[in-house]
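Notes follow once the structure below has been shown.
The values are calculated or read from the model by the stated rules, or taken from the named source; none is laboratory data. Predicted model only: the values in this text are computed from it and were never measured. Don't worry about glycine lacking a Cβ; one is built from the backbone with ideal geometry, like all the others, and counts go over all protein chains shown.
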Amino acid sequence: MAKIRNGEGEVLFIHLGGDTSVPLAEVVAVLRADLAGYGPNREMVQSLRAAGKVKTIPGGPPRALVLTTSCLYMTGVSPFTLRRRGVAPYVNRLEEDTK
C-alpha cells in the first residue's frame, strides 16, 4: 500500500500486481476470477470487454477481478491477498487509535 500526498490529503494506492497500482478509493469490488463465467459476473465481464475496459496484468493466470470506477483488472494476485492489502492500513490505524 502506497500513500501519496496531494493538495487534498493522502491518496492510498493498492498494488494489483506487475507494475499496476490503483487508488484504493476507486476499487468497487474484488471478485474471484473463477466466478467470472457465471451469471451477472459473466455479463459484466463481456460488457466491459466489448467496451475495451478490461486490462490483464501479466504474471500468471487471473485469480482475481478488480472492478474499479474506470475498468476491470484481471490479476494473478489472489483476492485474499488484495483484501489484506486494502484492509491492512485501516486495521493498523484502528490499533493505533485504541492505544
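For this structure, a couple of remarks:
- Complete set of residues in region 59-90 that are surrounded by 14 or more Cβ atoms within 10 Å (Cβ to Cβ) and either assigned to a helix (DSSP H, G or I) or of a type in the set (D, E, K, R) (or both): 63, 79, 81, 82, 85, 86, 89
- For residue 94, the stated conditions do not hold, so it cannot be described as surrounded by fewer than 17 Cβ atoms within 10 Å (Cβ to Cβ), in contact with a helix residue (DSSP H, G or I) (Cβ under 7 Å, 6 or more places away or on another chain) and at pLDDT below 90.
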